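> Let me give you the structure first, and then I'll get to my questions.
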Amino acid sequence: MGNHVGSSAHFLESSVSVRRVWPLAAALLALSLTACDPAVVDDKPAASASSAGAPAPGAQEGGDGLSLPAAVKLLPVGAEKRDGYQRTSFKHWVDEDSDSCNTRQEVLLAEAVRAPEQGARCALTGGEWLSYYDEETVTEPGKLDIDHVVPLAEAWDSGASEWDADQRMRYANDLDAERSLVAVTARTNRQKGDKDPSDWLPPAASAQCTYGADWVSTKLRWKLEADEKEIAALEKLAAGCTDTVVVYEVAP
């Protein structure tokens with residue numbers, strides 16, 4: 001879940017509108033996408049790669065996104081520092097719009113292939129989801145985790161330690177970019193932990209290009225650094241994902 005690539009400078013300054021795909025659209029996309037080799041999108045709704053001749057979802061009108069290899073080159077390189085990290089430094093699963101649905105529930109509603117029943121205080125039952133990391137279909141919300149594609153600890157290591165509490169909260173609940181948070185099986189999320197792509201990739205081969213694009217777009221969106229080992233792993237992955245397109249908007 002053959003594109004023309006513009007200059008890096010153009011796309012760094014472009015404002016890309018990224019929207020979450022709601023249940024009906026997600027279902028239609030899930031039916032239309034097929035399993036792929038590492039250069040083609042996987043089944044995750046609104047993936048970061050597009051079919052030949054069509055602009056990537058959320059790309060600026062009349063233009064395309066960056067290729068994954070080009071996007072990796074834009075990542076600022078830096079040494080990671082874990083000093084002082086606490087998960088509680090990132091306030092997450094807030095109800096930002098006061099509609100009784102917190103961030104976790106909003107992601108589950110957005111990514112459902114079959115919409116769940118919504119009860120009091122946004123309690124969700126039933127529904128169906130596709131965990132794109134392992135291509136598993138899940139029918140119970142409690143069996144899904146909401147993964148920060150770039151984990152909170154990794155974000156801290158890569159620059160978030162310098163942010164104030166409000167910016168860290170916005171990062172941890174980023175619903176304005178659909179690639180930052182994804183609903184996946186609890187098993188794969190816990191296997192991943194706080195690892196970067198040099199130590200962990202999704203077990204489904206068809207998911208790996210999309211995951212690389214998700215990772216890079218999130219880091220570019222939040223101006224997070226990448227260490228040399230991480231860059232090397234992303235360059236190796238991107239070499240087999242030349243048709244994968246990365247679109248992002250720098251966070252306000």
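> Going by the structure shown, is Ala165 open to solvent by 60 Å² or more (accessible area, probe 1.4 Å), more than 26 Å from Pro197 (Cβ to Cβ) and of a type in the set (A, V, I, L, M)?
Criteria met by Ala165.
> Please find, within segment 170-200, the residue that is most open to solvent (accessible area, probe 1.4 Å) out of those that are among the small types (Gly, Ala, Ser) and on the phi < 0 side of the Ramachandran plot.
Among residues in segment 170-200 that are among the small types (Gly, Ala, Ser) and on the phi < 0 side of the Ramachandran plot, the one most open to solvent (accessible area, probe 1.4 Å) is Ser198.
> Still on this structure, I have one more. Exactly one condition in (1) at pLDDT below 95; (2) buried (at least 22 other Cβ atoms within 10 Å of the Cβ); (3) in contact with a helix residue (DSSP H, G or I) (Cβ under 7 Å, 6 or more places away or on another chain) is false for Ala56; which is it?
(3)
> When the residues of segment 96-108 are filtered to those that are in contact with a helix residue (DSSP H, G or I) (Cβ under 8 Å, 6 or more places away or on another chain) and assigned to a loop (DSSP other than H, G, I, E, B), which remaining residue is most open to solvent (accessible area, probe 1.4 Å)?
Result: Glu96.
> Does segment 119-142 contain any residue that is under 18 Å from Tyr171 (Cα atoms), open to solvent by less than 60 Å² (accessible area, probe 1.4 Å), at pLDDT 95 or above and not basic (Lys, Arg)?
No; the residues of segment 119-142 include none that is under 18 Å from Tyr171 (Cα atoms), open to solvent by less than 60 Å² (accessible area, probe 1.4 Å), at pLDDT 95 or above and not basic (Lys, Arg).
> Taking segment 201-246 on its own, how many of its residues are under 20 Å from Leu181 (Cα atoms), open to solvent by less than 20 Å² (accessible area, probe 1.4 Å), in contact with a helix residue (DSSP H, G or I) (Cβ under 8 Å, 6 or more places away or on another chain) and in a loop (DSSP other than H, G, I, E, B)?
Residues in segment 201-246 being under 20 Å from Leu181 (Cα atoms), open to solvent by less than 20 Å² (accessible area, probe 1.4 Å), in contact with a helix residue (DSSP H, G or I) (Cβ under 8 Å, 6 or more places away or on another chain) and in a loop (DSSP other than H, G, I, E, B): 4 in total.
> Working carefully through the options Ala251, Ala183, Ala172, find the one that is closer than 20 Å to Thr88 by Cα, modelled with pLDDT of 95 or more and hydrophobic (A, V, I, L, M, F, W, C).
Ala172
> Which of the residues spanning segment 120-149 are of a type in the set (Phe, Trp, Tyr), touching an Asp or Glu at 6+ places or on another chain (Cβ under 7 Å) and not in a strand (DSSP E or B)?
Tyr132
The values are calculated or read from the model by the stated rules, or taken from the named source; none is laboratory data. Since this is a predicted model, take the numbers as computed values, not measurements. So basically every Cβ, Gly included, is an ideal-geometry build from the backbone, and we count neighbours across all protein chains shown. Heavy atoms of the whole protein, side chains included, go into the accessibility calculation; ligands, DNA and RNA do not. Shrake-Rupley method; radii C 1.70, N 1.55, O 1.52, S 1.80 Å.
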